[in-house]
Each structure stands twice: as structure tokens, then as C-alpha cells.
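The values are calculated or read from the model by the stated rules, or taken from the named source; none is laboratory data. Computed from a prediction, not measured in an experiment: that's the story for all the values here. With ideal geometry, Cβ positions are generated from the backbone for all residues, glycine too; neighbour counts draw on all protein chains shown. Side chains included, ligands, DNA and RNA excluded: accessible areas come from the protein's heavy atoms. Shrake-Rupley method; radii C 1.70, N 1.55, O 1.52, S 1.80 Å.
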Amino acid sequence: MSYDPSKPVELYLLKASNFSEESAPNQKKYYLEAARWLQENNFSSPEEATEAMRHTEYYEGAGIAKIADDIELRIKAMEKAGYEDVAEIHRERLRKFRQSGNSYAFSQEWIDDFNKAAEKEHIYAERKAVFGRIFSGYFQIAGNPQKEHRQKAAKGISDALKELDRLGATFDELAADKVYRNLTMTTEKGMNNFIDFIHAFMKSGGIYEDDISDIADEQQRLAKWAAANRAALIEAGRSEIWRSANCVAVPSDDQSGYDFIATKEVEY
């Protein structure tokens, strides 16, 4: 069978189309340029094409492009997470890789740099977990009417603050960093209330005084409102329409479960 030089060109163009400009720009560029190079040279056999490629940047280009895309994706992920110091390590890795190529990628320095970034990511993960426990405890104390849950949450906050000490961090340090503030998904006022509560908690030596007057006041306010608006609430309940359906469950083509087929709809 005679060699068709258009086939490897088509293959490389197909590979290029499979890569996104957003997530794999280096690999996309590599396959487009390699396809153009093959087309321009119009080799007469695969052996000739391989031997010619061996003396060009295209011979190891696919692997180099893949590694570059991987590092660039890590940079974007760290920037999005707010881990600027980790992103900077990966930027330096990319700079070294573009300068030295595979001699850097297969070196101990590559391993050391990768581990350095991983260690910093781990520190963020540990601190985020502890900060999340502190906020969760505060949330329980601020809104849970059951005393035993509030007391358990207070102990959890105390333990988490001790854990921060072990990690070499302070509550104020994390509360001022948007990486951790964003975990709370609260307003600026809500964040300030959280910070004030933890400051008072720490000032007390971790002793929580079980005062639920705020919750009790809110319960009384709602009870008074409901009593004053009783007629309107009853009327709203009468006008509300609920719908339900009798269904038959049948195995779904999707392995995750069933399809539910309505046989009768009921309105009440």
C-alpha cells in the first residue's frame, strides 16, 4: 500500500480540534503547527517523516506542550482559589520548563518545586478546614435553640482555636484573608459579627455563657406577628393550591436510578 502524506496531516488536525484553546492552548498550537510542517514537506514515507521530525522541535513537542498546559492550568486554579503564593511557585516552574524543557521536567529540582507547591496547598486546606469548623460552631451557637448543641459547638470552637495554634496561624490572620472569609458566604456585617463573637469567646478563655435571649426575643416577635396576622395567614392557607401525582417507578436507562411516570395528578 502506498503512503498517503495527507493522512498524518488529517490526524494531527483532528487531534488539534480535540484540544480547547482555553484548557490546552499549547497542545492545540503544537498539533496545528506540526500538521502544517508535515503538509509543507510532503514526505514520501512514514520513515522519512519520522527521521526528519527527529531533528526538529516537533519530535518532543507533544510531551512538552502537554506539560506546559498542565502547569498553566495549575496556575489558573491557584489564582482562582486565591492561593497567590502557590500560583507564583507554578509560574516559576513554567519559566524553568520553558527555558530547560525535559532536562528540568526529569530532574530532582522539578520534584522539589512540585512538592513545595503541594505543601503550601496542604497548609491552605488544613487552615480552611479549621476555620470552617470555627464558623460552623458560631453558626450553631447563634441559631440553634437546643442547649446541648450550642455547648457542643462552643467546645468545637475552643478545640479549633487550639488547632490553629498548632498550625502556626491566628484567627485574626485568617479572618482578614479573603481565601478564608469567602468560606463563610456572609455579608460584611455578618462577618464582623462573627469576628466580634470569636474575640469575645477568646477573651473569656473559651468559656461560653449560654445566653439565648436573642433567639427567645425573635421567637416572641414571630409569635406576636402570627397572632396579629392570624386571619390573613388562614386565608393564605385556604388559597394555596397543592398538587401531587400517583407515579409508577420503572428502571431507567441511566444506571443512577429510576424514571417516575405520573399516572394521575391530584389537586387539593
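May I ask you to derive the FRET efficiency for Ala129 and Lys178 from their Cβ-Cβ distance with R0 = 22 Å, giving the value to the nearest 0.05? That pair, Ala129 with Lys178, gives E of 0.80.
Using the Cα gyration tensor of segment 122-202, with a ≥ b ≥ c the square roots of its eigenvalues, what is the shape: rounded (a/c below 1.5), prolate (a/b larger than b/c) or oblate (neither)?
Values: a/c = 1.82, a/b = 1.28, b/c = 1.42.
Verdict is oblate for segment 122-202.
Measuring from centroid to centroid over Cα atoms, what is the spacing of segment 30-58 and segment 1-23 in Å? Going from one Cα centre to the other spans 12 Å. With one equal scatterer per alpha carbon and no solvent term, the Debye-computed log10 I(q)/I(0) for segment 18-122 at 0.11, 0.12, 0.24 1/Å reads -0.43, -0.50, -1.26.
Computed with a 1.4 Å probe on the full set of protein chains, the accessible area for Glu33 sits at about 50 Å². Label-to-label distance for Ala77 and Ser204 is 4.1 nm, based on points extended 7 Å past Cα in the beta-carbon direction. Each Lys and Arg adds +1 at its Cβ and each Asp and Glu adds -1 at its Cβ; summed about the Cα centre, segment 37-85 shows a dipole of about 180 debye.
Leaving out ligands, DNA and RNA, and with a 1.4 Å probe, what % of the accessible surface on segment 163-205 is carbon or sulfur?
Values: 1350 of 2640 Å².
Ligands and nucleic acids excluded, carbon and sulfur give 51 percent.
Using alpha carbons only, what's the Rg to Rh ratio of segment 57-175 with Rh from Kirkwood? Display every interim value, and only then the final one.
Details: Rg = 20.7 Å, Rh = 17.0 Å.
With Rg and the Kirkwood Rh in hand, the quotient comes to 1.22.
What's the lysine pair count for segment 1-91 at a Cα cut-off below 24 Å, pairs eight or more apart or interchain? Value for segment 1-91: 15.
At 0.36 nm per residue, and after removing the present C-alpha to C-alpha distance, how many nm does the segment from Arg95 to His122 gain when stretched out fully? It would help to have the intermediate numbers written out before the result.
Numbers: separation 27, 0.36 × 27 = 9.72 nm, distance 2.34 nm.
Full extension from Arg95 to His122 adds 7.4 nm.
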